[in-house]
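I have placed the structure first, in the form of structure tokens, so that the comments after it can refer back to it.
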Amino acid sequence: MDTTEPVSLGLPPVPPRPLAERRPSRRIQVGTVPVGGGAPISVQSMTTTVTADVGATLQQIAELTASGCQIVRVACPSQDDADALPVIARKSQIPVIADIHFQPKYVFAAIDAGCAAVRVNPGNIRQFDDKVREIAKAAGDAGVPIRIGVNAGSLDRRLLEKYGRATPEALVESALWEASLFEEHGFRDIKISVKHNDPVVMVNAYRQLAAQCDYPLHLGVTEAGPAFQGTIKSAVAFGALLSEGIGDTIRVSLSAPPAEEIKVGIQILESLGLRQRRLEIVSCPSCGRAQVDVYKLADEVTAGLEGMEVPLRVAVMGCVVNGPGEAREADLGVASGNGKGQIFVKGEVIKTVPESKIVETLIEEAMKLAEQTGNDGGPSGPPAVTVL
């Protein structure tokens, strides 16, 4: 193999064409991150620390940033939390959104603190509508967008009485009513979310909302549950909406460390072709035909390639039925059987090695490909691994 020739990786240089055109929406600016108006879909999360603990909060924000988080939200339920916002907003490497419930005064504190945006939940802020004029002026003067975040669990009592429960129609009416109050004062730097714990209700709510306004939309299945359940619910709901072009920012809500939310969110976008794929492990689920421990092999290859920054598809296959075909389609692959592994590079068998040498050989060949493509302008960043 002539290593002086540039290698064309099997992955396209740009994401594949999405399933649907993005829904047209107005654009707002959340700190350094553009949202809506055709801007790339951004992934965000929320800290789990007490915001008043500045050190712990900044440490978690740093961890989220390293995981690929683009926007972070911090809770602000007390004056101590509000007092911590200026330092956090100044030192965070990504835009900080202050999450405000119950007390309108913290909205003004967050704006004064330099937060990139403020999230308000009109359903549980007492006399919120009476403060819209003041909030609109303060946010407008500072150039701070507002996210109107409606949640099924804290819907305005009037709408619960009208609809009987948190229906899609109730969620949408709440959000658009609050948006209209801001519009009366000339404020339109708004992002909207209408979250529900039921993916079906959530999807229907966002579809209705998307048809009735041009504001950018933040997607979320609220209280989605533990990691496995929450991942499934979020992937189903986000997949349905994003495949229709609906959604401008996403947050996967898991009862798990926030960095896990980012990992799932990024993977959802990559799977839909809405973000450039990076390292991808294509491995078979194993079956009675497998003549190698595919689970162990895939785990060892994944661990060995952790940190790779070029887009690379690596196939780890356990038998001769689909193995050679999948390996040929990948940038690099192995088809295993009878205690040996055929190593493929760009569709060609370059060598056959003993089973004990498969992992180290794949890693060596992957490093060669990475070195050859390192200056070709490929995307950088931490790898996302998909095991199929």
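At-a-glance table
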item	result
Residue check for G245: outside any helix (DSSP H, G or I) and within 20 Å of P40 (Cα to Cα)	yes
Neighbours by Cβ (under 6 Å, 6+ apart or cross-chain): first from region 329-353, without any contact (Cβ under 8 Å) to a residue 60 or more places away in the chain; second hydroxyl-bearing (S, T, Y)	K340/T352; Q342/T352; I343/T361; V353/T361
Residue that is modelled with the lowest pLDDT [pool: residues in region 329-367 that are among the basic types (K, R) and within 17 Å of A298 (Cα to Cα)]	K340
Every residue from region 168-179 that is open to solvent by 10 Å² or more (accessible area, probe 1.4 Å) and at pLDDT 95 or above	P168, E169, E173, L176
From F182, F187, residue being assigned to a helix (DSSP H, G or I), within 20 Å of Q29 (Cα to Cα) and open to solvent by less than 30 Å² (accessible area, probe 1.4 Å)	F182
Every pair of residues 6+ apart whose Cβ atoms lie under 9 Å, when the first sits in region 23-50 and is surrounded by fewer than 20 Cβ atoms within 10 Å (Cβ to Cβ) while the second is assigned to a strand (DSSP E or B) and of a type in the set (F, W, Y)	none
Test result for G239, in a loop (DSSP other than H, G, I, E, B) and either in contact (Cβ under 8 Å) with a residue 24 or more places away in the chain or touching a helix residue (DSSP H, G or I) at 6+ places or on another chain (Cβ under 8 Å) (or both)	no
Helices (runs of 4 or more DSSP H) completely within region 48-167 that count 2 or more residues being aliphatic (A, V, I, L, M) and at pLDDT 95 or above	54-67, 79-91, 105-113, 132-142
Hits in region 195-208 - residues which are out of contact with any His (no Cβ under 9 Å at 6 or more places or on another chain), over 15 Å from S243 (Cβ atoms) and not polar (S, T, N, Q)	H196, D198, V200, V201
Total residues in region 190-216, condition touching a helix residue (DSSP H, G or I) at 6+ places or on another chain (Cβ under 6 Å) and part of a strand (DSSP E or B)	4
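The values are calculated or read from the model by the stated rules, or taken from the named source; none is laboratory data. Only a predicted model underlies this, so the values are computations on that prediction, with no experimental measurement involved. Here Cβ is always computed from backbone atoms with ideal geometry, including for glycine, and neighbour counts include all displayed protein chains. SASA here: full protein model, heavy atoms, side chains in, ligands and nucleic acids out. Shrake-Rupley method; radii C 1.70, N 1.55, O 1.52, S 1.80 Å.
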